[in-house]
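To keep things clear, I will list the structure first and then write my remarks on it.
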Amino acid sequence: MVLRATCMVLVAGALAACGSSATQYSTRGMGTAVGADATVTIAEKENENFELDLKVEHLLPPDRAAPGAQSYAVWIQPDGQESPFHIGNLTYNDDRRTGELTTITPHRAFDVFVTAEPTATPTEPKGPEVVNKRVQEEP
């Protein structure tokens, strides 16, 4: 009976691993957030879109990363595009010193980066970069 239960657990784990199409990228913070750890998870969705989940741990409050900063803006710059665009802000938890953003993108290859910004709705990155990671999903 124990052997049967063990086999069922192993098969369930193998099936879960096969069904997952998520890719995880890890990176360290930089500049004023050198102690931060970031994880970018990309999961394929329907209609050729991808879910992007960015989690950052050990992250200082924005105003400590840059004087006057109010938020952490998240940007992506797809391959072939001259300028990055703002995809949202990290939801920052001051007690846990973490930030998170989940969104959808149609892009397979891009740089994702986070800056400490003086406004919640920046039109271009002006603050210091605290996280940067290259994402490349295979077709």
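No value in this document is a laboratory result; all are computed from the given coordinates. Please read all numbers here as calculations on a predicted model, not as lab measurements. Backbone-built Cβ (ideal geometry, glycine too); neighbour counts: all protein chains shown.
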## Note on the structure
Listed by chain and number, the lysines with an alpha carbon less than 18 angstrom from that of Lys45, same-chain partners under 8 positions apart left out, are none
### Task
Classify the range 21-111 as rounded, prolate or oblate, taking a ≥ b ≥ c as the square roots of the eigenvalues of its Cα gyration tensor: rounded when a/c is under 1.5, otherwise prolate if a/b is larger than b/c and oblate if not.
prolate
### Summary
Surrounding charge for Glu44, neighbours by C-beta under 9 angstrom, Lys/Arg +1, Asp/Glu -1, total -3
### Task
Just add up the charged neighbours of Phe85: K/R +1, D/E -1, any other residue whose Cβ is under 13 Å from the Cβ of Phe85.
-3
## Note on the structure
the range 41-117 and the range 122-137 have their Cα centres apart by a whole-number Å value of 7
